[in-house]
1. Longest span of the chain, sites excluded, free of GluC sites (Glu not before Pro) in DSSP loop with at most 10 other C-beta atoms within 10 Å?
2. What net charge is computed for the residues neighbouring ILE66, neighbours being all others with C-beta under 10 Å from the C-beta of ILE66, Lys and Arg scored +1, Asp and Glu -1?
3. Show which lysines lie in cross-link reach of LYS52 when reach means a straight Cα distance below 17 angstrom and same-chain residues fewer than eight apart are skipped.
4. For the chain, what log10 I(q)/I(0) values come out of the Debye formula at q = 0.13, 0.23, 0.25 1/Å, with one point per alpha carbon and no solvent?
5. Angle, helix 39-55 long axis vs. longest principal axis of the chain, Cα atoms, 0 to 90°, nearest 10?
6. Taking θ as phi - 60°, what are the ³J(HN,Hα) couplings along segment 75-91 by the Karplus curve (6.51, -1.76, 1.60), each to the nearest whole Hz, with x for Gly and Pro?
7. Looking at the chain, identify the longest residue range that excludes and avoids all chymotrypsin sites (Phe, Trp or Tyr not before Pro) in DSSP loops having at most 10 other Cβ atoms within 10 Å.
Amino acid sequence: MSEKNYYKTVKIIVGNPPKEAEGVFGGKQTSYNPHYCNTSLLSEKIEEEGNKLFKEGYKIISITPIIKGISGYEMGFSVTEGVIITAESFQI
């Protein structure tokens, strides 16, 4: 007999948003700024995962940000790196 989990946790990590700039010797160069979160990608992933969880019989009860600390320019920064989604089964 298979037991159904009453809670499910999903971790979503996104990278930094890409930025295209002119290269030193011409052409395009892609770089990533560590001081920003790729919020567009993060929101898409949260929506996808939320719909997937719902189809599996779960409802989201918590979305917790994952924060990383970085330093630069003699200052410290906190940047959202992703989220942890906790869901509860509504088919008990």
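Just so it is clear, none of the values below were taken in a lab; they were calculated from the coordinates. These numbers were taken from a predicted model, which means no experiment stands behind them. Cβ placement follows ideal geometry from the backbone for every residue including glycine, while neighbour counts extend to all protein chains displayed.
1. On the way: sites that count: GLU3, GLU74.
Segment 4-73 is the longest.
2. +1
3. Reachable lysines: LYS4, LYS8, LYS11.
4. -0.59, -1.09, -1.18
5. For helix 39-55, the angle is close to 10 degrees.
6. For segment 75-91, the Karplus-derived couplings read 9, x, 10, 10, 10, 5, 9, x, 9, 10, 9, 10, 10, 10, 5, 9, 10 Hz, x marking Gly and Pro.
7. Details: sites that count: PHE25, TYR73, PHE90.
With a cap of 10 other Cβ atoms within 10 Å, the longest stretch comes to 26-72.
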